[in-house]
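A quick write-up on the structure given underneath.
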Amino acid sequence: MTDLSTTRQATRLDAIGGHFDPWLLGISCALACLGVVMVGSASIGVADGHDVGPFYFLSRHVVFLAIGLVMALWVMRTELKTIEQHNQWLLLVCFVLLIAVFMPGIGRSVNGARRWLNLGVSNFQAVEAVKLLYIVWLASYLKRYSEEVTATWGAMLKPIGVAVSLVVLLLLQPDFGSSSLILAVTAGMLVLGGVNMPRMFGPVLVGLPLLAIVAIAEPYRVTRLTSFLDPWQDPFKTGYQLTNALMAVGRGEWLGVGLGASVQKLSYLPEAHTDFIMAVIAEEFGFLGVCTVVALYAGLAGRAFWLGLKCVEMRRHFAGYCAFGIALWMSLQSFVSIGVNLGLLPTKGLTLPMVSYGGSSVIMTCAALGLLLRVSYELDRAQRQVARVRNETTPPPAVSAPLATSAPIATSQSKRPGEAVRGTSRLRQRVEPTLGRIA
């Protein structure tokens, strides 16, 4: 009888579903719609320069977004425990992708950088997939070695060593922006994973000077740094990108010049549909549009961090660390992209997630948001299951006075030799404790 009631209760709990977080879903859809509109607006001048149709880049962006939607739906329907089981293979795929770009016939060089894989119909930037796969592996590692990461040097240095290995391959491409992003995400996830902060100072103090040396080792990186400090010193050469971006931002003023009315996107602003799409947004929608975009990314990152904290509180550490990693990725990349367009940071090759044109970025960002929505689904499902168990194990309210006075009479009438005394305990339902099994 006990096994049957336990089985019935477990079946009921397994039948409980969850809900995807409406805030995350709404913000993701808003960013996707904004991306379609702005790619269509910003790519007209670029398409004219490439002698293709005015909607060439827009149509391709929509196709990439459709593929990303399929990827997101697939991830949203996959259990996190299934993803976690393949964490070691995901890390192996990271290294395979970054090595494959150097293979003849597979890797492809664009603008002097060897970052793309030739897929025939399109190119795929390997590092976009590496970002997500590496976050999943690191989340699994922090869950499996949470105590060791907090207490020992070796457990803390292992993910740092993996990150440095990935960075070395990225710098050979070269891709300094993505290298810095991966290192920052690694440090952030280790801190959120409970690493001993004094131990983190050692790798940070060693890493920052090395990054500075790498930054100034290439002449083009030094040029970017110097032109960022004073772009108007050479506005037609080294400061060309930033000066045109700043002119676009300045023309937007408070409310912008209107959708489609940007002048800087007409062959003046380089990469208007990718790296500098935020400058077009600022020109066409003004200060209000910039604040709206910043609010969307702040809401996305804030909600993801909140989900991560809730997952950790419920001891679902893998889900929580995945949410932390994606939140760090989206917030840092959007911050750098917006900062570059507003002249606050040196020029980097980082796109605005879900808004900029780019098949690799759009598809993998959709997959990352799908994983984040899956985290929200399983968190809501767990909360509903716990609430069901607590409701079933909560005793009923005290018996009313008339019923309590009649209980002894019934007991005295039914009491016989060898028979258990009947009392108010018959009013309480027998419940098997299963909360421990759920956790």
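Things worth noting here:
- So L58, is it under 17 Å from the mean Cα position of the chain (by Cα) and open to solvent by less than 70 Å² (accessible area, probe 1.4 Å): no
- Selection within the stretch 235-292 - open to solvent by 10 Å² or more (accessible area, probe 1.4 Å), small (G, A, S) and assigned to a loop (DSSP other than H, G, I, E, B): G256, G258, G260, A261, S267
- Whether a residue is assigned to a helix (DSSP H, G or I), of a type outside the set (G, A, S) and closer than 30 Å to K158 by Cβ was assessed, and V206 passes this test.
- Check on T351, farther than 27 Å from Y141 by Cα, touching a Gly at 6+ places or on another chain (Cβ under 7 Å) and buried (at least 19 other Cβ atoms within 10 Å of the Cβ): yes
- Given (1) open to solvent by less than 60 Å² (accessible area, probe 1.4 Å); (2) without any contact (Cβ under 8 Å) to a residue 12 or more places away in the chain, number of the condition P104 does not satisfy: (1)
- Cβ pairs under 6 Å, 6+ apart, first in the stretch 37-54 and in contact (Cβ under 8 Å) with a residue 24 or more places away in the chain, second surrounded by fewer than 20 Cβ atoms within 10 Å (Cβ to Cβ): S41/G260; I44/P54; G45/L266; G45/S267; G49/S267
- Cβ-Cβ distances below 8 Å connect the following pairs, each with a first residue in the stretch 323-346 that is within 22 Å of V375 (Cβ to Cβ) and modelled with pLDDT of 95 or more, a second residue that is among the aromatic types (F, W, Y) and surrounded by fewer than 21 Cβ atoms within 10 Å (Cβ to Cβ), and a separation of six or more residues or different chains: A323/F305; F324/F305; A327/F305.
- Taking first residues from the stretch 307-320 that are on the phi > 0 side of the Ramachandran plot and partners that are open to solvent by 60 Å² or more (accessible area, probe 1.4 Å), the Cβ contacts under 8 Å between residues at least 6 apart in sequence or on separate chains come to R315/A439.
Residue by residue, here is whether (1) closer than 30 Å to Q385 by Cβ; (2) at pLDDT 85 or above holds:
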position: L4; (1), (2): yes, no
position: T11; (1), (2): yes, no
position: W23; (1), (2): yes, yes
position: A30; (1), (2): no, yes
position: V36; (1), (2): no, yes
position: A42; (1), (2): no, yes
position: H50; (1), (2): no, no
position: G53; (1), (2): no, yes
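Yes/no matrix, rows are residues, columns are (1) more than 22 Å from I326 (Cα to Cα); (2) at pLDDT 95 or above; (3) open to solvent by 70 Å² or more (accessible area, probe 1.4 Å):
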| site | (1), (2), (3) |
| --- | --- |
| F95 | no, yes, no |
| F124 | no, no, no |
| V130 | no, yes, no |
| E147 | yes, no, yes |
| M156 | no, no, no |
| L171 | yes, no, no |
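- Residue within the stretch 323-341 that is of a type in the set (G, A, S) and either in a loop (DSSP other than H, G, I, E, B) or more than 23 Å from I182 (Cα to Cα) (or both) present: no
The values are calculated or read from the model by the stated rules, or taken from the named source; none is laboratory data. All values reported here derive from a predicted model rather than from experimental measurement. Cβ sites come from the backbone with ideal geometry, for glycine too, and all protein chains shown count toward neighbours. Surface accessibility is based on the protein's heavy atoms, side chains included, excluding ligands, DNA and RNA. Shrake-Rupley method; radii C 1.70, N 1.55, O 1.52, S 1.80 Å.
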